[in-house]
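Report on one structure; see the data block that follows.
We did not get these values from a lab; they are worked out from the coordinates using the rules stated. A quick note: this is a predicted structure, and the numbers were derived from the prediction, not measured. Note: ideal-geometry Cβ built from the backbone for every residue, glycine included; neighbour counts use all protein chains shown.
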Amino acid sequence: MFYNSLVSRLNKKKILIFIPRLVSILFVFFQLFGMLVYPGGTIHDISTNGYSFTSNFFSDMGAYAARNGEPNYLSMIFFSLSLTLVGVTFAFYYLVLPKIMGSDHFNYILSWIGTIFAFCGSICLIGTGLTPTDLVFDAHVFFANNIFHSFLITAFCYSIVIFRSEVLDKLYAMGYALFFISIFTYVGVLQFGPAVHTGQSALVFQVVAQKLIVIIFCLTVVHQTFGFNKRGVL
């Protein structure tokens with residue numbers, strides 16, 4: 001009863017369409033700005049100037065000091081702000097979904113499983129933004145890796161939910177299934193991929209893989225908003 005009362009008070013169009021689109025744009029803008037003001041340095045070469053798209057992780061922007069030792073306050077602030085915005089947005093986004101997608105008992109239960117893991121992933125997004133990798137490395141790695149472990153379960157659950165539901169076209173179920181496969185592949189990269197300290201090629205591989213999964217993440221969220229924006233869905 002409390003859940004139904006809470007969700008009924010929320011503006012579903014804003015939470016499922018407008019805010020995710022806006023936050024996706026802000027996320028990209030903040031990341032690009034963070035790259036522009038990042039002082040420089042990579043794991044293997046502290047002498048580089050500025051941010052390298054293929055040799056610097058996103059987390060480098062969230063460090064208290066850049067790899068070259070210079071202060072990194074501005075980049076760190078925008079990195080932390082962007083992940084906090086995304087984490088809060090996802091928490092509300094997935095809070096509403098069981099009400100929208102739970103067309104039968106099975107879908108409702110599976111939606112909630114996906115949503116619970118999405119809450120965990122949202123907490124990890126915020127945690128990643130608030131734990132500079134050069135100050136609290138272990139905590140940062142824990143949060144960063146568990147973003148993808150959590151949303152792997154979420155993507156699996158909602159791929160089935162969307163496919164079984166009549167709320168969204170099957171095209172969106174296929175999109176979410178591709179999202180699941182992408183996260184599954186990236187989790188494999190995290191577990192079995194080459195360690196970044198073994199060489200420059202390993203670093204580039206891991207950095208590019210991270211960039212790709214983040215791009216897929218953003219595109220999946222934006223893609224889903226078009227499904228919810230169709231007449232009669234909400």
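Quick notes on this structure:
- Added length on full extension, which subtracts the Cα-Cα distance from 0.36 nm per residue, residue 18 to residue 200: 61.5 nm
- Helices meeting the span-like rule in the chain (full DSSP H runs, Cα extent of at least 24 Å along the helix axis, mean Kyte-Doolittle score of 1.6 or higher): 19-37, 73-101.
- Set of aspartates and glutamates with alpha-carbon distance to residue 230 below 20 Å, sequence-local pairs under 8 removed: 166, 169
- In order along segment 67-72, the phi-based Karplus estimate (6.51 cos²θ - 1.76 cosθ + 1.60, θ = phi - 60°) of 3J(HN,Hα) comes to 4, 8, x, 7, x, 10 Hz; Gly and Pro are listed as x.
- Hits among aspartates and glutamates - C-alpha to C-alpha of residue 211 under 14 Å, sequence gap 8 or more where chains match: 60
- Label-to-label distance for residue 45 and residue 145 is 2.9 nm, based on points extended 7 Å past Cα in the beta-carbon direction.
- One chain, two ends: residue 2 and residue 104. Fully extended at 0.36 nm per residue, the span grows by 34.8 nm beyond their Cα-Cα distance.
- P(r) tail for the chain: Cα pairs beyond 24 Å make up 45% of the total.
- For residue 67, distant residues with modelled amide H under 5 Å away: 40
- Candidates per chymotrypsin sites (Phe, Trp or Tyr not before Pro) in segment 1-82, loop by DSSP, up to 12 other Cβ within 10 Å: 53
- Relative contact order for segment 11-228: 21 percent, from Cα pairs under 8 Å spaced at least 6 residues apart, divided by residue count.
- In the chain, the calculated helix contribution to ellipticity at 222 nm averages -24500 deg cm²/dmol per residue, counting -39,500 (n - 2.57) for every DSSP H run with n ≥ 4.
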